[in-house]
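What follows is a set of notes on a single structure, which appears directly below.
What follows draws every value from the coordinates through simple rules; no lab data is involved. Predicted, not measured: the structure shown is a model, and the values here were computed from it. FYI the Cβ positions are ideal-geometry reconstructions off the backbone, even for glycines, and counts take in every protein chain you see.
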Amino acid sequence: MFMIDEYVNASKCQYRDALDVIEEFEKEMLEMNGKCIDIGCGPGDVTKRLILPKLSPEAELVGADILKSMVDHARQKYRDEKRLSFFQLDIEAVDLPNDQLGQYTNALSFYCLHWCHNTWRAFDNIYKLLRPGGKALIMFLAWNDGFDAYTKVYENPRFKPYIPPEDADRFVPFFHRCKDSRAALRKMLDAIGFEILHCSRREKSFVYQNVQILKSHIIAVNPFISRIPDHLKEEFEDVIVHEITSRKISFPNKKANGQQEYSILDRYHILVAYLRKPEGRVSEQD
Ligand SMILES: C[S@@+](CC[C@H](N)C(=O)[O-])C[C@H]1O[C@@H](n2cnc3c(N)ncnc32)[C@H](O)[C@@H]1O
């Protein structure tokens, strides 16, 4: 999953949505001091360009990602940045490394937690990473009918042999299936022990200028393309793109040279939460 160069070139939508939330929480972020963590930092561009400049000038920022390839890429690209470092971490791990517990004054995470099968454990781990009084600003995808398109493609007998059923299910986010994702998230956060300072579900949209741009985005983030044998890859990509676009609104759009192309309007929901770990309660691992 995640082809780095493809993701860097085809993640305008994620970058824009992260920027929206970061600008909205500008005041809160300026108060973020000490050691902060960006969970699911990916190639590190949002970490370095959007998050770091908004934190207090004394803050130190650590980008964490499950993929070593992402961490290596980010480390290499931003090696000269003194206040920034990167390391490998699975936020869904059953046991977090002991030396990480209670280490962070603030946690941030953009477009990562919908990749976690066990979202409860991911949030519980964020709670454990924070110091008492620490705050977290989290945004992730709640719903996108593209996930239904994926499920349909995985049922296709041409591709099914390469995608075990438990894996096909693993990448449909928990909140995608919730009728009221905001209420479900609030309940989860409450049960973990967070003080909820803000929790909202937002309807968003993004226009892909043409099908090729949408296709590049899909290829960059689809978890199974690497498992499909080479002779079926192109067919798999075309079927996925067809399934997804058939669920979206397409409209004609004239290119600068007068040629006609079709743009695609993607509608989806995100969840945004701003949280605080209370001073008083101590979790088992603190
Ligand atoms: C869509 S990218 C978002 C990257 C960046 N935050 C951004 O806004 O552009 C999601 C990232 O989350 C990472 N990720 C997925 N599951 C994770 C987990 N369990 N723990 C840590 N990172 C994870 C992926 O490897 C990927 O780099």
Per residue of the chain, what 222 nm ellipticity follows from adding -39500 (n - 2.57) for every DSSP H run with n ≥ 4, rounded to the nearest 500?
-10500 deg cm²/dmol
Relative contact order in percent for the stretch 115-222 (Cα pairs under 8 Å, 6+ apart) equals 31 percent
Unit-weight point scatterers at every alpha-carbon of the chain, Debye formula, q = 0.08, 0.10 1/Å: log10 I(q)/I(0) is -0.35, -0.55
Unit charges on C-beta of K, R, D, E only; dipole of the chain, Debye:
520 debye
Considering the options Leu55, Tyr111, Leu19, tell which one lies farthest towards the positive end of the dipole of the stretch 1-151, charges being +1 on Lys and Arg and -1 on Asp and Glu at the Cβ, about the Cα centre.
Leu55
Under 5 Å between amide H atoms, partner at least 5 residues away or on a different chain: which partners does Gly44 have, H built in plane at 1.01 Å?
none
Binning at 10 Å from 0, report for the stretch 7-118 what percent of all alpha-carbon pair distances ends up in each bin.
14, 48, 34, 3
What number does the stretch 69-161 give for Rg over Rh if you use C-alpha atoms and the Kirkwood radius?
1.07
At R0 = 22 Å the Cβ-Cβ FRET efficiency linking Asp230 and Asp5, nearest 0.05, sits at 0.70
Amide H of Ala142 versus every other amide H placed in the peptide plane: which residues, excluding those fewer than 5 positions away on the same chain, fall under 5 Å?
His269, Ile270, Leu271
Given a cut-off of under 8 Å on Cα pairs at least six residues apart, what relative contact order in percent is computed for the chain?
22 percent
FRET efficiency, 1/(1 + (r/R0)^6) with R0 22 Å, evaluated for Leu19 and Arg247 via beta carbons
0.25
Pop a pseudo-label 7 angstrom from the Cα along the beta-carbon direction at both Asn257 and Ser200 and give the gap in nm to one decimal.
4.2 nm
When we measure straight from the Cα of Lys277, which lysines land under 30 angstrom away, once same-chain ones fewer than 8 places off are left out?
Lys27, Lys35, Lys48, Lys54, Lys68, Lys82, Lys128, Lys135, Lys179, Lys187, Lys204
Once Lys and Arg get +1 and Asp and Glu get -1 on their Cβ, which of Phe147, Ala74, Ser246 lies farthest toward the positive end of the dipole of the chain?
Ser246
Please find, in a Gaussian network model of the chain (springs between Cα atoms separated by less than 10 Å), the residue of Asp20, Asp124, Asp45 whose mean-square fluctuation is greatest.
Asp20
As I understand it, the value is the acute angle between the Cα axis of helix 146-155 and the longest principal axis of the Cα atoms of the chain; what does it come to in degrees, rounded to 10?
60 degrees
Pulled fully out, how much extra length does the chain show between Arg186 and Glu81, if you take 0.36 nm times their separation in residues and subtract their Cα-Cα distance?
34.2 nm
For Ile37, other-chain or 5+-apart residues with amide H closer than 5 Å (H placed, Pro excluded) are Val62, Asn106, Ala107, Leu108
Mind listing the phi-derived Karplus ³J(HN,Hα) values for the stretch 65-71, rounded to whole Hz, using 6.51, -1.76 and 1.60 with θ = phi - 60°, and x for any glycine or proline?
8, 5, 8, 4, 4, 5, 4
Find the relative contact order for the stretch 1-156 and round it to a whole percent, using C-alpha pairs within less than 8 Å whose residues are 6+ positions apart.
22 percent
